[in-house]
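What follows is one structure encoded as structure tokens, with my remarks underneath.
The values are calculated or read from the model by the stated rules, or taken from the named source; none is laboratory data. Since the structure is predicted, the reported quantities are computational estimates derived from the model, not experimental observations. Don't worry about glycine lacking a Cβ; one is built from the backbone with ideal geometry, like all the others, and counts go over all protein chains shown.
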Amino acid sequence: MKSTTINSKRSLLEKIRLLPYQEKGAAAIFILPFMIGFLLLNIFPIIYSFVISFMDYNTLKPLSEVSFIGFQNYFRIMDDPIALSAFVKSFQYTLVYVPGVMIFGFLLALLLNRTFALRGIARTMILMPYVANVVAVALIWSILLNPTNGPVNQFLSLLGVENLPLWLVGVDTALPTIALINVWQSLAFQTIVFLAAIQGVDKSLYEAAVIDGANKWQKIFHVTLPSISPTTFFLLVTSIIGSFQNYATVRMLTNGGPGNASRVISLNIYEEAFALNHYSYASAQAIVLFLIVLVLTIIQWKGQKRWVHY
């Protein structure tokens, strides 16, 4: 009887010892499909793009005739005014999009955190632009912002505005207009994340601020913003990265026009690769864009130690 009990205890101990390995095996099985997809659809294309950026794969020819040309594709960017202009346009777009989506997202989160009638419906409606089809969004805004008979300019005309904006067909207004449209469409994500962070702020901090005589704005600047600084940092990084991935909206609204007024680098890379068959040159531009985003992210990561409070 004792030997049976001892054997059962030993088998139980062996099962307990094997349990972590079984859990790791189960975890590996669940992660494996994602890892395979990530390697095939993300890592491999990046490596392939990096490799062919040093090749002469800029015309339709057999791969056997593709030769190694070093950094010539990268040097070519410096002599290409269209590519350089596209990089500048992307930065200009970022300077409008990122502050807009961060500021309006935070203010909207503050508003939705208050108690008012139909608050649940308002929180649901804020998601509508975010899940809307890009083509449908572009079509609606093209109609609304038509400079001749669009509802927006007709309304401005009724208000007495003489020099009506050209919006999407103006050289100076096309890019900011696209950025603001993207702010409107992407606002839901920032708003929801900000709202969750605001609701997680310790209420005792607000009570202490009230005792010290703080008003509403002082509570926002001295309690809310410092408390949600990790969330703000996360949204700032993702917003800047997302601002360089603006191909779809630009393509649908202006296709880079008028002229090259809204030709951002993502659109330029696509045109070089799939319209002109300059695959190596487009890959070089994509690698440069990747390095720019990487440097910006590293700078933000280093700078966040000064203003992010965990």
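Worth pointing out:
- Against the test of being over 22 Å from residue 126 (Cα atoms) and in the same structural domain as residue 94 (by TED's automatic domain parsing), the options 188, 196, 208 yield a single qualifying residue, 208.
- Long-range neighbours under 9 Å by Cβ, at least six apart or interchain, first residue farther than 13 Å from residue 192 by Cβ within region 120-134, second surrounded by 14 or more Cβ atoms within 10 Å (Cβ to Cβ) and at pLDDT below 85: none
- Look at region 236-257: where a residue is closer than 18 Å to residue 169 by Cα and a partner is of a type in the set (Lys, Arg), sitting 6+ places away or on another chain with Cβ atoms under 6 Å, you get 256/263.
- Restricting attention to region 28-46, the residues that are surrounded by 11 or more Cβ atoms within 10 Å (Cβ to Cβ) and closer than 23 Å to residue 283 by Cα add up to 6.
- Residues within region 136-153 that are surrounded by 12 or more Cβ atoms within 10 Å (Cβ to Cβ) and either out of contact with any Gly (no Cβ under 7 Å at 6 or more places or on another chain) or in contact (Cβ under 8 Å) with a residue 40 or more places away in the chain (or both), tallied: 12
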